[in-house]
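The values are calculated or read from the model by the stated rules, or taken from the named source; none is laboratory data. As the structure is a computational prediction, the values presented were derived from the model and not from experiment. Positions of Cβ are backbone-derived with ideal geometry, glycine not excepted, and every protein chain shown enters the neighbour counts.
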Amino acid sequence: MKEFEYTAVKEEFEQWKAMGLSLNMARGKPSLEQLELSRGLFTALDFDDCVDEGVDARNYGELAGTPSAREYWAELLDIKPQQCFVGGSSSLNMMYDLIAKAWSNGLLHSEKPWSQQPGIKFLCPVPGYDRHFRITESFGIELIPVRTTEAGPDMDEVERLAADPLVKGIWCVPKYSNPDGNIYSNETILRFAALKPAAPDFVVIWDNAYCVHEFRGEYVPFPEILAISAQAGNPDLVVEFASSSKITFPGAGMSVMAASEANIEYLCGLASAQMISGDKVNQLRQVRFLKDREHTLMMMRRHADILRPRFDAFLKELDEEIRPLGIVRWTDPKGGYFISLYTRPGCARRTVELCKEAGLVMTGAGAAYPYGKDPEDSHIRIAPSFPPLKDVELAAEVFCTCLKLATLEHDRK
Ligand SMILES: Cc1ncc(COP(=O)(O)O)c(C=O)c1O
């Protein structure tokens, strides 16, 4: 371990600064090596072989997606093909669209469109995914933070808040949550399934973005929420999302919205005013390439082999340089794309600022909280996936220096 004393750490920081580095660990993007795994997508489809179970993928039709794409996601998520609406390349876009439809038309059980109900609110487990929060914020919906634990959102708090009829839903990332990397416990899942919100059109947005994304250890099977909530008398409560963004190409994969058949029918009805059909050629190409669950899991093991060393490199540096100081804590996930680190209160923003000065761009401090405001100024999201391994190693060193310096500056005040 290097020294933890102001003058020595400041000197180390100045040395990093003088190197004119340009490193970026801001967003959870796959690395070039991971993109290489999907090279075969470019040759997975032939013009003369585009008919999928009787459906010509090159032509209009099948608003809810090609038969094979609906079957693919049904197998991956452990549901029925009729519960799947396969869309374009972005699940986030589909989530935005769900909120937009709630706003303009209402959801299946809405008494009126959300736009005609003043003062509505949405629950945001924190820390969470900034882009989720921005969707609801962009409609002027009030964001209510909810504390999370290793088992998922604080369910006592969720149940208490859901008793307010103005609270219309909650954002969830149940497996390898962004950014803590936790998996919701069985108890949390059961309590979600049995939730009795006051609003008849309350929606649990179950963003299963990391459903097959373990980078350490074997694939972890995960309870299927739609069946459990149906059994609990809440068949239409949950709308689930996933995509192949971090299986093949982010921004050029295929996304899915999964829900009860009644929900899918209702939402298809609304979508029919919006488009004739989605990009089925891409859906077919993705399915021809990914094949099925078993083949997808094999691909994910290859992703894991590329991701794991990057996470290990960052965690090793934290272990060696920071753990002995006892000044922060961090998560050690087995999947997903992020590590969460919690500084002493009041040190996160300064740490990220110092990183920037030293040539390392991190996700903005506070980004994982509604309105970008972390009340403790303590959370930092670390995304080690994208840079080459040697850059991650270097970035980890720079980060540790900046974290120490921010802590020492704070202690001197
Ligand atoms: C939790 C979560 N949901 C959704 C997305 C984006 O998904 P898509 O590329 O399908 O829009 C991300 C990307 O980082 C994410 O972390």
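Miscellaneous remarks
- Looking only at segment 230-264, residues that are free of Cβ contacts under 8 Å to residues at least 60 places away in the same chain, more than 30 Å from residue 306 (Cβ to Cβ) and either basic (Lys, Arg) or surrounded by 22 or more Cβ atoms within 10 Å (Cβ to Cβ) (or both) come to 2 in all.
- Test: residue 378 is under 16 Å from the mean Cα position of the chain (by Cα) and of a type in the set (Gly, Ala, Ser): no
- Qualifying residue in segment 101-121 (condition: within 16 Å of the ligand (Cβ to nearest atom) and not basic (Lys, Arg)): no
- Residue in segment 90-98 that is surrounded by 19 or more Cβ atoms within 10 Å (Cβ to Cβ), of a type in the set (Ser, Thr, Tyr), in the same structural domain as residue 132 (by TED's automatic domain parsing) and away from the ligand (no atom under 16 Å from the Cβ) present: no
- Filter pass, residue 62 being over 22 Å from residue 179 (Cα atoms), in a helix (DSSP H, G or I) and modelled with pLDDT of 95 or more: no
- The set of residues in segment 333-361 that are in a loop (DSSP other than H, G, I, E, B) and in contact (Cβ under 8 Å) with a residue 40 or more places away in the chain comprises 333, 334, 336, 337, 338, 343, 344, 346, 347, 358, 359.
- Flag for residue 60 being over 30 Å from residue 137 (Cβ atoms), surrounded by fewer than 15 Cβ atoms within 10 Å (Cβ to Cβ) and touching a residue at least 24 places away in the same chain (Cβ under 8 Å): yes
- Looking across 34, 15, one residue alone is outside the structural domain of residue 265 (by TED's automatic domain parsing), within 30 Å of residue 404 (Cα to Cα) and part of a helix (DSSP H, G or I). It is 15.
- For residue 65, the requirement of being within 16 Å of the ligand (Cβ to nearest atom), touching an Asp or Glu at 6+ places or on another chain (Cβ under 9 Å) and within 27 Å of residue 300 (Cα to Cα) is not met.
- Cβ pairs under 6 Å, 6+ apart, first in segment 169-181 and farther than 23 Å from residue 119 by Cβ, second of a type in the set (D, E, K, R) and more than 9 Å from the ligand (Cβ to nearest atom): 179/381
- Residue match in segment 323-345 (condition: under 30 Å from residue 248 (Cβ atoms), among the basic types (Lys, Arg) and at pLDDT 95 or above): yes
- Candidates 20, 28, 54, 40 - the one that is surrounded by 15 or more Cβ atoms within 10 Å (Cβ to Cβ) and not basic (Lys, Arg): 28
- Checked against the criterion of being within 21 Å of the chain's Cα centre (by Cα), at pLDDT 95 or above and of a type in the set (Val, Ile, Thr), segment 6-26 has no qualifying residue.
- Filter pass, residue 146 being modelled with pLDDT of 95 or more, in contact with a Gly (Cβ under 7 Å, 6 or more places away or on another chain) and not assigned by TED's automatic domain parsing to the domain that holds residue 372: no
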